[in-house]
Amino acid sequence: MTLPAYEIEPALRLALQEKRARVLLKAPTGSGKSTAVPGMLVDAGIPGKILVIEPRRMAARLLAGWVAKLRKATLGHEVGYAIRYDTKYREDSRIIYLTDGVFQRWIQDDPELKGVGAVIFDEFHERRLTVDIALARCLDLQESARPDLRVVVMSATLETAGLADYLAPAVSLEAGGRMFPVQVFYRADRPPQNDRRGGPPQVTPVWEKMANVCREAMAMPEPGNILMFLPGTHEIRRTVELLENSGIAKGWDVFPLYSSLPPAAQEEAISPGPRPKIIVATNVAETSLTIDGVRTVIDSGLARTASFEPRRGINTLLITKISRAAAEQRAGRAGRTASGRAFRLWSEAEHGRRAEFESPEVHRVDLAEAVLLLKAAGVPEVRDFRWFDAPVELSLSRAERLLHDLGALDSDRNLTDEGRKMASLPLEPRFSRLMLAGHEHGCVAETAFIAATVQGDGIFTTKRGGPGRKDFIFPDDDTDFAGEWRAFESAGAMGFDPRRCDQVGVMARGAREISQGFDRLGSMARRFGWEWRGVDFHSNHEAVGKAMLAAFSDQLAIRLSQGTLACKLVGNRKGKLDEDSCVRKAPAFVAAEITEVEAREIITHLRRATATDPAWLAELFPDDLTVSDGASWDDVRRRVVARKETKFRDLVLEAKESDHGVNLDAAAELLAARVLTGELILKNWDDSVNQWTARLASLGRWMPELELPGWSDEDRADAIAQICHGAVSYKEIKEANVWRVLREWLSHTQRAALDSYAPERVNLPNGQTAKVTYTDGMDPFISVRVSHLFGMWETPTVAGGRVPLLVHILTPGQKPWQMTKDLKGFWAGGYAQMKKEVAGRYPRHPWPDDPKGWVAAGSPRK
């Protein structure tokens with residue numbers, strides 16, 4: 001049957017004849033775009049190599065093999081592939097499938113892509129950071145040195161309107177899909193059941209839910225092969241075990257499928273077999289790969305997503321809900337060869353609330369390598385780069401800060417000679433810096449092994465209770481990588497035999513990958529003329545420690561105490577040291593791996609640690625090491641003590657406290673801060689003081705021409721600090737003389753103005769005075785019995801007549817009756833009403849008909 005992608009072949013050929021040809025091809029899963037389009041370009045006479053960029057290693061390798069068969073060619077001749085640690089192509093190969101990471105280095109080493117006729121970006125909707133950057137660089141190359149370069153962008157689900165604008169001028173094509181109808185069933189999880197013994201609600205594990213739906217699907221007519229999507233290898237392993245051990249899969253073959261499986265196991269999972277099969281996969285099976293006979297998809301709706309949290313500088317690996325577009329991709333797998341069914345473990349209502357597409361990697365991963373390579377490629381300001389989606393400033397700033405710490409950028413964010421060397425190495429910035437540091441300190445082989453190990457998929461198996469990491473790491477080691485080296489040597493001695501390696505808890509495939517990376521880095525080091533000696537972590541422990549510190553200084557950590565694995569790190573972060581680590585007694589260490597993992601709770605793990613001596617910081621990072629004489633608060637004794645701190649950036653490495661030599665300025669600040677929070681009370685800061693500050697603040701607003709100093713929160717803090725100055729304990733300030741400081745706050749003239757325009761009391765007609773109450777931001781007021789107001793016809797004022805006082809009029813029994821700023825109006829109407837209602841209760845008090853002529857207690861005015 002002809003693939004639907006061939007429908008657009010004539011239009012594609014025509015579009016590729018244009019100068020600076022750019023094609024945007026949208027085609028659904030099953031259309032054959034990944035397998036057919038590269039061959040179309042070759043058959044159309046496009047000269048040079050056709051590079052096909054794939055986001056996943058498994059897809060690149062398997063697609064290359066499939067296309068080689070379609071074109072009746074030997075894999076590695078006309079059609080080949082290039083993935084990490086594995087290449088199979090020749091100089092004269094025409095179609096090469098390669099991962100985005102390999103292509104990133106290809107264009108870095110050869111910016112003009114000599115001998116390349118076209119670059120095809122497959123599955124662009126996955127929005128990998130390296131793909132975004134590579135596409136932009138290809139477009140720039142088209143517009144400069146290579147107008148003959150063809151660029152084809154292919155996507156299955158991406159909304160292509162914005163992409164078409166980005167690629168303009170480009171030809172947009174769309175191919176139909178060989179898609180059969182897929183019926184979708186929603187199987188939302190039931191609410192968690194409460195534990196009868198009062199514990200937390202019982203949540204059904206995802207593998208049990210998948211197995212239950214699988215049983216339901218198998219009972220339906222013509223289920224075909226079943227493809228199950230789970231977030232990661234742990235969930236896959238539990239699901240496979242449950243299906244096989246419970247008897248659900250009796251008569252069926254069950255295969256796991258994920259990227260780190262050996263190639264033979266991957267091919268076995270997707271190849272036709274004698275019996276129906278259940279394939280339990282991660283999202284590697286969403287796109288590109290065709291698995292024949294799949295008519296049922298069971299989707300957990302989850303994926304384990306790697307991202308980077310720039311504020312804390314932590315890599316996260318969390319289980320997240322997939323987007324609607326990804327769910328459609330997964331469901332489409334059931335309708336490639338016949339009508340099918342898709343089961344979703346969530347509700348239809350929730351489906352409508354999910355994100356439409358996945359967020360691009362540029363918004364969620366570490367940008368340090370991207371920034372370094374762009375700088376090395378001649379981009380002076382990465383913010384001005386041709387971004388499809390621009391990165392957020394926080395992530396860019398964090399990447400530049402890391403590169404500066406590594407010595408790759410200077411203080412003006414320009415590339416240094418060190419940075420140029422780092423960019424030339426096929427490693428992430430940390431590990432390129434690590435290799436350079438290994439050369440500087442004479443431990444190149446050790447740092448090469450560390451770089452190869454950390455960038456691999458791991459060397460230890462994850463089986464619980466069996467042999468593994470803890471059996472290879474010794475307490476007297478200075479780095480956890482010494483244990484990994486022992487495991488690596490053991491695997492090599494066993495010929496990387498999977499069965500034998502598994503018996504000692506070592507993953508043979510992981511060890512073999514490390515071997516390939518280690519050999520590659522060894523060849524590179526020898527090519528540079530670096531001295532290469534055998535790996536000896538014990539003898540070279542100081543050199544290794546210094547090299548690791550140079551590359552991971554921002555991941556320096558110290559234990560909170562010897563009784564806990566909790567640690568604090570540079571950057572005001574906290575984490576938990578791996579319980580099997582050998583550095584538990586080290587004064588400080590660097591963690592090569594910091595990962596935030598979601599389990600029952602989110603835990604920040606510090607793994608692959610190397611002990612360091614804080615004394616090395618003065619040699620390697622003299623500008624980031626500070627020793628300060630400060631002060632701290634002793635909460636038990638309620639006093640300030642002298643504190644001498646040694647800090648690396650913001651991480652306190654050592655602190656010593658003493659009662660002697662306390663800095664009095666710092667002591668005043670600490671005492672004042674606790675007074676301001678109310679933790680400590682100044683007994684003499686009473687209502688009279690609060691009235692004074694309110695008068696000063698109010699008068700400053702009412703009469704700014706007086707140019708009084710005012711009274712803000714900062715002023716209050718400064719005044720309290722002055723009151724506390726010279727003291728080191730609460731006992732010394734508890735009854736301190738507050739007015740000693742406040743009297744000096746104003747000059748003689750200013751004090752006179754305050755007393756004149758914001759007086760503490762105002763005169764009454766009966767010869768007495770009334771206290772004026774001031775509250776900052778509110779009207780000042782007096783509270784006076786009505787009889788004491790006889791003879792006061794006008795409302796009293798302050799601030800030179802600008803501010804009328806609010807008069808609280810009290811009954812003869814001193815109970816509130818009315819508040820007013822209009823005494824004249826009160827005498828005209830309110831007084832008669834008050835007399836009518838109150839006079840009978842107070843017959844001995846005067847209630848004249850005309851209070852204007854009365855003063856004191858009722859004597860007629862003379």
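The values are calculated or read from the model by the stated rules, or taken from the named source; none is laboratory data. The structure presented is a predicted model; accordingly, all values stated were derived computationally and were not measured. Neighbour counts are summed over all protein chains in view; Cβ atoms, including those assigned to glycine, are modelled from backbone coordinates with ideal geometry.
Odds and ends about this structure:
- In the condition set (1) at negative phi; (2) modelled with pLDDT of 95 or more, G442 is compliant with all but (1).
- The conditions of being hydrophobic (A, V, I, L, M, F, W, C) and at positive phi are met by A799.
- When D715 is tested against (1) under 42 Å from the mean Cα position of the chain (by Cα); (2) on the phi > 0 side of the Ramachandran plot, exactly one condition is not met: (2).
- Residue match in the range 44-53 (condition: in contact (Cβ under 8 Å) with a residue 40 or more places away in the chain, among the charged types (D, E, K, R), out of contact with any Cys (no Cβ under 6 Å at 6 or more places or on another chain) and on the phi > 0 side of the Ramachandran plot): no
To keep it simple, each residue is scored yes or no on (1) surrounded by fewer than 22 Cβ atoms within 10 Å (Cβ to Cβ); (2) in the same structural domain as I322 (by TED's automatic domain parsing); (3) out of contact with any strand residue (DSSP E or B) (no Cβ under 9 Å at 6 or more places or on another chain); (4) touching a residue at least 60 places away in the same chain (Cβ under 8 Å).
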site: A118; (1), (2), (3), (4): no, no, no, yes
site: F124; (1), (2), (3), (4): no, no, no, no
site: R127; (1), (2), (3), (4): yes, no, yes, yes
site: A136; (1), (2), (3), (4): yes, no, yes, yes
site: D148; (1), (2), (3), (4): yes, no, no, yes
site: A164; (1), (2), (3), (4): yes, no, no, yes
site: P169; (1), (2), (3), (4): yes, no, no, yes
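- Any hit, the range 421-443, residues being touching a Pro at 6+ places or on another chain (Cβ under 9 Å) and either within 21 Å of W616 (Cα to Cα) or outside any helix (DSSP H, G or I) (or both): yes
- Residue that is nearest to R128 (Cα to Cα) [pool: residues in the range 24-58 that are modelled with pLDDT of 90 or more and among the β-branched types (V, I, T)]: I53
- With respect to the conditions (1) surrounded by fewer than 16 Cβ atoms within 10 Å (Cβ to Cβ); (2) over 27 Å from V371 (Cβ atoms); (3) not aromatic (F, W, Y), D109 falls short on a single one, namely (2).
- Filter result (in contact (Cβ under 8 Å) with a residue 12 or more places away in the chain, in a helix (DSSP H, G or I) and closer than 30 Å to R802 by Cβ) within the range 664-704: V689, Q691, W692, T693, A694, R695, L696, A697, S698, L699, W702
- Near pairs, Cβ below 6 angstrom, 6+ apart or cross-chain, from the range 491-517 (surrounded by 15 or more Cβ atoms within 10 Å (Cβ to Cβ) and outside any strand (DSSP E or B)) to any residue that is at pLDDT 90 or above and basic (K, R): M494/R500; F496/R512
- Any hit, the range 19-33, residues being part of a helix (DSSP H, G or I) and of a type outside the set (A, V, I, L, M): yes
- If you go through the range 113-129 and keep only what is β-branched (V, I, T) and modelled with pLDDT under 95, you end up with nothing.
- Residue identified as outside the structural domain of V131 (by TED's automatic domain parsing) and modelled with pLDDT under 95 among I459, I450: I459
- Filtered residue count, the range 260-288, keeping only those that are crowded, with 23+ Cβ neighbours inside 10 Å, at pLDDT below 85 and hydrophobic (A, V, I, L, M, F, W, C): 1
- Search result, residues across the range 244-268 that are outside any loop (DSSP other than H, G, I, E, B) and among the aliphatic types (A, V, I, L, M): V254, L257, A264, A265
- Test: residue in the range 555-575 that is in a helix (DSSP H, G or I), touching a strand residue (DSSP E or B) at 6+ places or on another chain (Cβ under 8 Å), over 17 Å from E484 (Cβ atoms) and in the same structural domain as A452 (by TED's automatic domain parsing): yes
- Residue selected from the range 63-90 under the condition farther than 27 Å from A452 by Cβ and out of contact with any helix residue (DSSP H, G or I) (no Cβ under 9 Å at 6 or more places or on another chain), by the criterion surrounded by the most Cβ atoms within 10 Å (Cβ to Cβ): A68
- The residues of the range 385-420 that are of a type in the set (D, E, K, R) and part of a helix (DSSP H, G or I), listed by number, are E393, R398, E400, R401, D405, D417, E418, R420.
- Considering V641, V636, V675, the condition of being at pLDDT 90 or above, surrounded by fewer than 13 Cβ atoms within 10 Å (Cβ to Cβ) and not assigned by TED's automatic domain parsing to the domain that holds V570 is satisfied by V636 alone.
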